[in-house]
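The values are calculated or read from the model by the stated rules, or taken from the named source; none is laboratory data. What you see is a predicted model; the values in this text were computed from it and never measured. Cβ coordinates were reconstructed from backbone atoms using ideal geometry, including for glycine residues, and neighbour counts include every protein chain displayed. Calculation scope for accessible area: heavy atoms of the full protein, side chains included, ligands and nucleic acids excluded. Shrake-Rupley method; radii C 1.70, N 1.55, O 1.52, S 1.80 Å.
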Amino acid sequence: MITFQIAGYLTEFTGGDAEIKLDATPSTVGEALKRLGERHVGLRDRVLTEQGQVRPHVNIFLNSQVLRRDQALQSSIEGDAEICIMPAVSGGSVASR
């Protein structure tokens with residue numbers, strides 16, 4: 001079983017679900033994301049580019065390990081796994097004194 005953790009604004013594209021379980025055994029993160037994308041098309045378009053690559057502003061974790069964007073889709077999955085999809089966070093401000 002694959003458990004997806006969906007963070008931030010991305011839950012808008014999963015019907016508000018922050019956790020989604022797939023009763024499947026894909027061999028790679030890319031295959032798992034494909035199955036998730038079949039259920040939540042809007043989410044797929046926010047996670048992957050038109051060329052099928054992970055978008056620059058999205059981070060993917062497999063069992064709490066951050067995956068390099070250029071290697072994420074090919075990363076192997078063995079058995080049950082947790083995949084976290086998290087939008088990147090940046091910005092902030094310097095407090096004035």
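Listing for the model above:
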item: ARG69 being part of a loop (DSSP other than H, G, I, E, B) and surrounded by 11 or more Cβ atoms within 10 Å (Cβ to Cβ); result: yes
item: Residue satisfying condition, being free of Cβ contacts under 8 Å to residues at least 40 places away in the same chain, surrounded by 14 or more Cβ atoms within 10 Å (Cβ to Cβ) and β-branched (Val, Ile, Thr), within set ILE60, ILE85; result: ILE60
item: Qualifying positions in region 4-38 - open to solvent by less than 20 Å² (accessible area, probe 1.4 Å) and part of a strand (DSSP E or B); result: PHE4, ILE6, ILE20, LEU22
